[in-house]
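Single-structure report; data block below.
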Amino acid sequence: DGWQSAVDPKTGRTYYINHRTKQTSWYPPSAMQQQQQQTGSAPVPLDPRYDSLPDGWERRIDPASGRNYYVDHRTKTSHWSIPSYLLTRPPSSSVTNTHTQAPSYTRPAQTSAAGGDAAPSAPPLEQESSVAQSRVDMRRMYSLKNFCPANTPAAQQLALRFAECVVCFDDMHKEACAVFLKNNKRICPHFLHYRCACDVMNSSRGGKHCPICRRSFDSVRQVPSINEDPEGWFEAVDLSGEGSLNQREVLEVLKAQLPIDAQRLEEGLPELWGNWDRAGDGVISKEEFLASDGLLACIRRDFYRDVEQEVRIPDVRDNKEEWFDYWDYDKSGTLEQEEIVRALIKTFRLSDDRARIDQMRSVVSAVWGIFDQDNSGGIDKREFIAPDGLADTIAASLNVGLR
């Protein structure tokens, strides 16, 4: 009857595959046949999210194969499965849960025996499903956990928090920004200054990787200006390729190019969102975002910050203790190596001088082990401000005179 067993490499579970009908199931064929005899119809999907279909969708049975397929009456298209982002009830993450969907059908390496039935013409199963899942996976990258992974160095976490380039630590909105591509597709949600992204690409050893998430890339794309080319800008930042943005995407992509008060926007965006997300599906379209009375116009009007009013940085030459406290954001009493580098770059305004940035990193790295003797990765205030401590040692090496 065309059924054979296989092993899912992701979970190690045995599942069953029919090369004639291109079905897969966790259940053996005998159990599926029993269910069909009892219900008088083909087995429904085991994923409980399909119990309640999205608005405008209908479940039907393909007479040629006996398989369920789904019709989207709004777009007049048919599909073997409903895109995951439209399903409201996520299944259990346990790999042993019987409700988890079996692996999608893949064609065997050898050509099957002649006479096998062709797949019905309605839904392109593998292509539609993989594209939809790819878009979901790309959109998930903007979640806080994926956008700023737990192992991200403290200095890069601060750069992401304050909308700075993670290479030069200058404000993102001050320069043209860029994204990383592989095979002409974005590989991650992160933005760098264009010149810094090019430096990363040209200086990478052992492969080209995003300095934040470490995903590999093969090219850099400059993001068009949101002011000069809003259509091109939207296309570049629309990571999922669906022509829409969710709240997290809006926050991060605007931080990359506009001098907005990110903290205020993060607090106020959920309340504003419903004014443009009239469908209530969690995303807004390009038109809703870019219209003259759209969300972008509202953010420009109400959430810009005064870039001329700069916060005074304590003078490390006159008061090393105050300087240390100023950069110790989490009040932990310690600063990591890259936090010190970031603080010195911003103190001496070196962001536009890559050679000086590299020199600063080299100096701090060279003397770090003298003071971080327990290899904790951090230097406390006492070690930093003491006579001939880390601050004075760095100053002597750079010849900038902190005393």
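Rg and Dmax in Å for the stretch 273-403, alpha carbons only: what are they?
Rg, Dmax (Cα atoms, Å): 21.4, 63.
What is the calculated FRET efficiency for A150 to Q373, with r their C-beta to C-beta distance and R₀ = 30 Å, to the nearest 0.05?
0.70
What is the sum of charges, Lys and Arg at +1 and Asp and Glu at -1, for the other residues whose Cβ falls under 12 Å from the Cβ of S292?
Numbers: positive: R300, R301; negative: E287, E288, D293.
Residues near S292 contribute -1 overall.
With a probe of 1.4 Å, find how much accessible area the stretch 162-251 has per residue, and write the answer as a whole number in Å².
With all protein chains present, the stretch 162-251 gives 42 Å² per residue.
Kirkwood hydrodynamic radius (Cα pairs, Å) of the stretch 239-331?
It works out to 15.5 Å.
At a threshold of 8 angstrom on Cα-Cα distance, excluding pairs fewer than six apart, so keeping six or more, what relative contact order does the stretch 276-393 reach in percent?
Relative contact order, the stretch 276-393: 19 percent.
Structure shown: which of K185/K255; K320/K346; K22/K185; K286/K346 lie over 25 Å apart, alpha-carbon to alpha-carbon? List each step's numbers first, then the result.
Numbers: K185/K255 22 Å; K320/K346 15 Å; K22/K185 30 Å; K286/K346 36 Å.
Exceeds cut-off: K22/K185; K286/K346.
The values are calculated or read from the model by the stated rules, or taken from the named source; none is laboratory data. Nothing here was measured: the structure is a model prediction, and the numbers come from that model. Cβ atoms come from the backbone with ideal geometry, glycine included; neighbour counts cover every protein chain shown. Each accessible area value is taken on the protein alone, full model and side chains, heavy atoms only, with ligands, DNA and RNA left out. Shrake-Rupley method; radii C 1.70, N 1.55, O 1.52, S 1.80 Å.
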